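As structure tokens, the structure follows; a few thoughts come after it.
The values are calculated or read from the model by the stated rules, or taken from the named source; none is laboratory data. This structure is a prediction, so every number in the text was calculated from the model and none was measured. For neighbour counting, all protein chains shown are included, and Cβ atoms are generated from backbone atoms with ideal geometry for every residue, glycine included. These accessible areas exclude ligands, DNA and RNA; they are computed on the full protein's heavy atoms, side chains included. Shrake-Rupley method; radii C 1.70, N 1.55, O 1.52, S 1.80 Å.
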Amino acid sequence: MSDLITYSYNTPSSLLKDQQGDQLFLSNYSEVQKKTNPCFFWGRLKDPHTTARCLIALSNVVQSSFSLSPFEMAKLKDPIVTAGNEKIRFEGFSHCAGVYARVDVLPDGHDGEFIDTGTTNVDFNQPMISSLSRISKSEHMLLSVGSKEVSIIAGNRKVVERKVPLPVKWIKGLTSVQLFLADTEHRFTFNRMQALQLFQSLPSGSVKTDYYVLVRGGRAQFTPVKSAEAVCVGGIHRLKLIAPLLPMADELKVFAHPDMQSTTWQLYFGAVRFSLTISRDSWRGFSGEGAALEELLEDIPQHWVDLTDNYSYANHEFNPTLFALEEDIDMQKLSSITARLSAMGLLGFDVDENRFFYRQLPYKLERILSLNPRLKDAEKLLEEGKVEIVENTSDKLEARVQGSGVKHVVIIEGEKSRCTCTWFAKHQGERGFCKHVLAVKKMNGS
Amino acid sequence: MEVDMTKEEKFKQIVEDGLEKEILPFLQDCSAAERKAFVPNLKKLSKYYLDYTHQNGNWKQRGNPMQALVLKRAHFVCYNRKEYESSGGSWSVEKDILGEILPWYCPSWFSDYINGFASRDFLPTELRYDYILLLEHQGYLEPQPLLIARSLSRWIFENDQHGNGFHPEKLTANKVTLEAHIWHMFQTESNIHAANRWIWVDGKQLEKGWLETLIAHCEAGNISRTRLLQEAVLASNRNFDKNLSGWFITLFETLQPADDELMALQEELLTLLSSPHSKVVNGSLKAIKSIVEKNGFAVQSFLDYIPVLLSSETKATVTLALQLMEKIAKKEKAYSEQVALLAASAFLQKDDGLQTRAAKLIQKFGKPENPEIRDAISLSAGFMLSGPRELLVSYMDSNMQGQEVEEQEVGEMNLNNFEPLTRIKDVDELVFLTAQLFDNNQSWHADQFLDAIVRLQDTIREEDLEKFAPAVQRALKFFFGDWRSGQGIVDSMLAGVFLDFILLQAKKYPTGNGAILKLYASFLGKSEKNKKVWEEHGVATTFYTDPDKYTALLYQPWNFLFKGILASLRAERERIILSTPTHLPHWIDPVILIQRLSQCQQKKLELEPMDLQISLCRCWLQEPSEAIALAERILQGELKQLMLFLLEPDRKPTGPFLLQEGWMTAALLKRPDVLYPELSALPYLDKPLVVFTGQYNWQTKEEEYEYVNYEWTDGKMKDVKAKAIRKVIRLDFPEKNQPKEETGLKKIVALFKRAKLRVDDLPPLMVEYMKIDQTFLSREDFDMRRLHGLAPGYPEPLMAAILHQCLKENQFTGETDKRAVIALLQAYYESLVRLGEMGHLFLSASLLCSDKTAATYAAEIWIRDHGRLNNKLLGEMLGKHQRIEFAPMKRFTDLVVAKMMSVSASANAALEVLLDSMIEQLPKEPVRGQKKLLEIRTELGKQKKHGLN
């Protein structure tokens, strides 16, 4: 499969103004969509000012980078939109794949029709984003995700075709981050004043030290001092991306991964939500985290994908129990179903509702499965016969795996897996298993 | 398709002979397919003739200039866009070549190729605006707005032939320029604001630019004033960068719009209020100020932006917003309650003036009984200063008037606060520990490792050896220079210890050591010198070496420890390590230490002096009763006396004093400020006590220093020495460790005793090594937690060293210094010990340092420990620094307001003591920023008076 991807938009996205108000037209493209450029949503946004600000913030996220070279920056990353179940969700990642942002327009946030449901890339060009700045509170704004009528775009017709290297990090990040979101727990709720005060204590510049969220004397603040049960935020300067939205928000909720591998900052504006999820550190992208790897060890039956695709609709809650019953899957494996499907880009996670929702990433499935080099490397180790099990008892599995010039020791005891390789030595399993452990697990069928 | 060989040969010949005039007619005669078929050959020829080679001492292209010209022409005609760009076409535009070729060959990609330059950092000089118009006119190019904007922005500064000038009149040459193209500079990220930045005309930097040009054309009626105003407003809010956005709002202001013009643009002006750039927001506010009271102004739309404006970090924005709110409330009663309600958002500002202004607005326009206002004030009550709070008493419920804040519990002085350190239990665990031993993942890994190799060395079987191969490989790579960020000097030392340890094990199993020895051989074989050493010594080769001269002092304690342990292993001598921590990060339970000492006594094992000292410095001394009882029971002789002296608060030293380093260390740990007469005979006391305690005299002063300036004189660069003043905290290090002077009978007795006790090879005192004798730190920052962990109960000598190295001025000299200070503050924060005078000085310098993280850490230490710190002393130190304005006072007052104030009643009381003591030290002539300091002190007084926290 080509490592290039061609985004083909029939016309650029644009914000058009006429006497009735503004009309935000988002041009869409998906390499897996069944119809040609369907219209997913057409209708009025009830709070266009807030939604516009949130989309600008999302655009700032997708244009930001905290650890990449200019070459990587050049890759295009348009956000994706999922429309359906009365919700419109816009998702995007920073270039470095360490910051994930999502704008949710909830049922009360719009007054329109979902002509089709699904997930698609949308063109986020700079002129359109720039013109969003002028949406004021009193304006009416129509949103069109995909073209309902040809006439809307007739005056501006020009096919936009951009052939770019496949944004591997982006797609991997989109699959991995859902697993982190699913594990997060709600830790703090701040009202607007508290949230603003908290952000006043953001240190300036690019910060290398870990910071912690602390509430002391009724005041919320960021501090470099670790305290028991504190929420840890690495690369805290990335939070500045949501600072412009704070004065408008009703409240801010903070969710944290139990091992502090990610934090989610969700802002609430009535029927619009903006959430920002940042990775453990600014140099770590969700793409490099191996959270999904173990779930992909076993081959995933194609009919699972067909089943979810046929019976699920965009943004609908995904019910793993129902799925297990339908598929006659061992109920003990229930928890891994969602993990496996989200690792394949079929599910997103809503921390507020604490459940998965269906949305198939607008990329071919083969792409998604071919994006995990650690998994591929593990398979290569097995193919080349470089894995040797030396002990296999009920509570211990020990193996030797050939590395570069040395044989690594892998010992798996219950939930605990260890390896002598550099990756494991440095991260101690925090960033997913190394290829050696994955190979041993795969060989053993565990 | 196969190409006629003659053409191929002819093509080659034209290139090789550099026949510049022949290439184009030749290519024009060829078909598109033929030209395409030349590509492989063209690439080879280009690679050969355009390659740079070293000729006669210079780097030159292999081909001659004519050959290069021929190739460039061929590139454009034969290559596709990607090939052309990678052959150099991405850097420049060859106007001459294009002029010759375009009339008969214009590739389909040409227009996109030229437009592509616009989005790069550098627009080639050949792409002048008039040239772009020409290409467009000739039908070769469809210029995109960005290309027009970027080329046009510099066009008025370009002379027609060459060089720079200022030609605003050129804009009228083409009708399309002023009618359409000029607006592209407002709609795309052009360089309009800085286009004249590097323009020199007649030896002077050009002062005029686009601002003057646009205004002149507007006044001359060439540009519509209405459109110019509108485009300027819109352009200042297009997500452009700060400078470009700011330039557009300046243009708008310079045009001095009249009120009716402003009214027509009010919708656009309002959207500027959510700009991320304060200059744009303030520009808009100033404009709105003129029309806010006019009929027809969209008051509600403006009020919608108030929460954003009042949370701005720019004081001028908040001030202006409050002014406008007052105007609105005065004029239109319908909005007065809403204005009062919105004003509560301003209490987030920590400025007394702004808060007071907001409070007065509420007082004037808000009804105290309005529940919405009461709710808003209730949300903001926690942020209010006492002045505004007094103004709004009637708006608050009684429970809001004095908020009780929970006192933060200071960590109890209990060893149970620290997690026990797990010991490595078997060889497999050791294998995985060694795999991460040089990653500096945890500061105690070195201790765990030493403990494990001493205990488990005999349990390593022949077949286990190979398991260590990955760690051996990493250690060898590290040893030969594969250093990664985060690895300290201790990691390098550990790599040596580990390699020597594995070699010792390999020696035991000659048949099972193949894989390991192969690794050693492969690495050592990388250089002839190493290979020779390996061949000569084989497994007798040692990797562990003393630390280099730059780091010799600070790393000696580990050096002694590592060498001692390796010596025991080599001699197969039984060893019990005393200094292995029992609790994280580096504490030792005194009960366990006594048990270890007792085992040594029972087995008659010799104590290593450095190991003993580290163990004493790591000993938890806060809860000694169980340990005292145990020492009484199981220890004998001098060790028993030593431990009882250390643990019992009132106990005096009792001889014999053969374990001199132990007695001296124990005495320092117990009371660094006291000289026990019983120990006066210890030879260490030849040196001044401060060498061991780190309690140096100090002063903050201005001092003159010399530096070298480079000046260009008479066509030559010369070094010129210059003098300047700097403000520094200077520690008074005793020169060459002069002996302490004693007099009279004491002197005679001491001399007699020392003569008797003195040994030639005096065991070194660990705390004496806590010094840095180098200009710059290298990797010490990554070892700081481990350095602190050598003596967590006695951090002040290390603090003195780091203060002298990294904090003596108010700016850090580099990231390493900053990291070192932060790491030491972190390590100290986790240790829960009390600070002496040097610790207070370190804290005071950290509170004033330029790094926000380090200063915040210092503030957090103060918040936690304010009850057990000497706030008077700390304030006095801060005052002594600030009386010569060692650091900007704002840095400190901002920190106090943001972090240290209103934490709790007790913290406020402590802060009062600190500030009083600080203010006392300040000169009569106020220093810069002193007013704010006094305001904070006054605010604290008011809060106390009103019973507020």
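Things to note:
- Qualifying residues in the stretch B:251-274 (those that are polar (S, T, N, Q) and closer than 26 Å to A:GLN63 by Cβ) - the one least open to solvent (accessible area, probe 1.4 Å): B:THR271
- Whether a residue is closer than 26 Å to B:ILE148 by Cα, modelled with pLDDT of 90 or more, of a type in the set (A, V, I, L, M, F, W, C) and touching a Pro at 6+ places or on another chain (Cβ under 8 Å) was assessed, and B:ILE101 does not pass this test.
- Pairs with Cβ under 7 Å, 6+ apart, first in the stretch B:488-508 and under 15 Å from B:ARG461 (Cβ atoms), second of a type in the set (Val, Ile, Thr) and modelled with pLDDT of 90 or more: B:ILE502/B:VAL472; B:GLN505/B:ILE460
- Conditions (1) closer than 24 Å to A:GLN221 by Cβ; (2) open to solvent by less than 20 Å² (accessible area, probe 1.4 Å); number of the one not met by B:PHE383: (2)
- Looking at the stretch B:801-884, the helices (runs of 4 or more DSSP H) lying wholly inside it that each contain 3 or more residues that are away from chain A (no Cβ under 14 Å) and buried (at least 21 other Cβ atoms within 10 Å of the Cβ) sit at B:837-847, B:871-882.
- Taken over the stretch B:245-294, the residue count meeting the criterion of being at pLDDT 95 or above, within 14 Å of chain A (Cβ to nearest Cβ) and out of contact with any Ser or Thr (no Cβ under 7 Å at 6 or more places or on another chain) is 2.
- Selection count, the stretch A:378-398, where residues are open to solvent by less than 60 Å² (accessible area, probe 1.4 Å) and within 12 Å of chain B (Cβ to nearest Cβ): 2
- Scanning the stretch B:594-630 for residues that are in contact (Cβ under 8 Å) with a residue 40 or more places away in the chain and in a helix (DSSP H, G or I) yields B:ILE594, B:LEU597, B:PRO609, B:MET610, B:ASP611, B:LEU612, B:GLN613, B:ILE614, B:LEU616, B:CYS617.
- Residues located in the stretch B:51-78, provided they are assigned to a strand (DSSP E or B) and under 18 Å from B:GLU16 (Cα atoms): B:TYR52, B:THR53, B:LYS60, B:GLN61
- Residue within the stretch B:886-909 that is among the hydroxyl-bearing types (Ser, Thr, Tyr) and open to solvent by 10 Å² or more (accessible area, probe 1.4 Å) present: yes
- Given (1) at pLDDT 75 or above; (2) buried (at least 20 other Cβ atoms within 10 Å of the Cβ); (3) over 24 Å from B:ASP611 (Cβ atoms), index of the condition B:TRP483 fails: (2)
- Set B:GLU94, B:GLU34: member being open to solvent by less than 70 Å² (accessible area, probe 1.4 Å) and either in contact with an Asp or Glu (Cβ under 6 Å, 6 or more places away or on another chain) or more than 27 Å from B:LEU134 (Cβ to Cβ) (or both): B:GLU34
- Test result for B:ASP851, touching a helix residue (DSSP H, G or I) at 6+ places or on another chain (Cβ under 7 Å), among the charged types (D, E, K, R) and touching a residue at least 12 places away in the same chain (Cβ under 8 Å): yes
- A count restricted to the stretch B:677-695 and to residues that are open to solvent by less than 20 Å² (accessible area, probe 1.4 Å) and not in a helix (DSSP H, G or I) stands at 3.
- Within the stretch B:346-359, restricting attention to residues that are open to solvent by less than 30 Å² (accessible area, probe 1.4 Å) and over 33 Å from the mean Cα position of the chain (by Cα), the residue that is nearest to A:ARG219 (Cα to Cα) is B:GLN355.
- Looking only at the stretch A:429-446, and only at residues there that are closer than 15 Å to A:VAL406 by Cβ and not in a loop (DSSP other than H, G, I, E, B), the one that is most open to solvent (accessible area, probe 1.4 Å): A:LYS435
- Matching residues, the stretch A:264-280, being out of contact with any helix residue (DSSP H, G or I) (no Cβ under 9 Å at 6 or more places or on another chain) and either buried (at least 23 other Cβ atoms within 10 Å of the Cβ) or modelled with pLDDT under 90 (or both): A:GLN266, A:ARG280
- Entry remark, the stretch B:339-382: residues being closer than 18 Å to B:ALA898 by Cβ and away from every other protein chain (no Cβ under 14 Å) number 2 in total.
- The listed residues are B:TYR794, B:TYR769, and the only one of them that is open to solvent by 30 Å² or more (accessible area, probe 1.4 Å) and either among the basic types (Lys, Arg) or more than 25 Å from the chain's Cα centre (by Cα) (or both) turns out to be B:TYR769.
- So B:ASP589, is it among the charged types (D, E, K, R) and surrounded by fewer than 16 Cβ atoms within 10 Å (Cβ to Cβ): no
- Every residue from the stretch A:413-428 that is within 11 Å of chain B (Cβ to nearest Cβ) and assigned to a loop (DSSP other than H, G, I, E, B): A:THR420, A:CYS421, A:GLN428
- Filtering the stretch B:911-924 to residues that are in a helix (DSSP H, G or I) and either open to solvent by 10 Å² or more (accessible area, probe 1.4 Å) or of a type in the set (S, T, N, Q) (or both) leaves B:GLU912, B:VAL913, B:ASP916, B:SER917, B:ILE919, B:GLU920, B:GLN921.
- Cβ pairs under 6 Å, 6+ apart, first in the stretch A:118-131 and over 12 Å from A:GLU91 (Cα atoms), second open to solvent by 20 Å² or more (accessible area, probe 1.4 Å) and in a loop (DSSP other than H, G, I, E, B): A:ASP123/A:PRO12; A:ASN125/A:PRO12; A:SER130/B:ARG238; A:SER130/B:ASN239
Yes/no matrix, rows are residues, columns are (1) in contact with a helix residue (DSSP H, G or I) (Cβ under 9 Å, 6 or more places away or on another chain); (2) open to solvent by 50 Å² or more (accessible area, probe 1.4 Å); (3) modelled with pLDDT of 70 or more; (4) not in a helix (DSSP H, G or I):
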| residue | (1), (2), (3), (4) |
| --- | --- |
| A:ASN310 | no, yes, no, no |
| A:GLU326 | yes, yes, yes, no |
| A:LYS333 | yes, yes, no, no |
| A:PHE349 | yes, no, yes, yes |
| A:PHE356 | yes, no, yes, yes |
| A:ARG367 | yes, no, no, no |
| A:LEU371 | yes, no, no, yes |
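- Some residue of the stretch A:77-90 being modelled with pLDDT of 85 or more and among the polar types (S, T, N, Q): yes
- Residue that is surrounded by the most Cβ atoms within 10 Å (Cβ to Cβ) [pool: residues in the stretch B:325-344 that are touching a Leu at 6+ places or on another chain (Cβ under 7 Å) and under 20 Å from B:THR271 (Cα atoms)]: B:MET325
- So B:SER906, is it modelled with pLDDT of 95 or more, part of a helix (DSSP H, G or I) and among the small types (Gly, Ala, Ser): no
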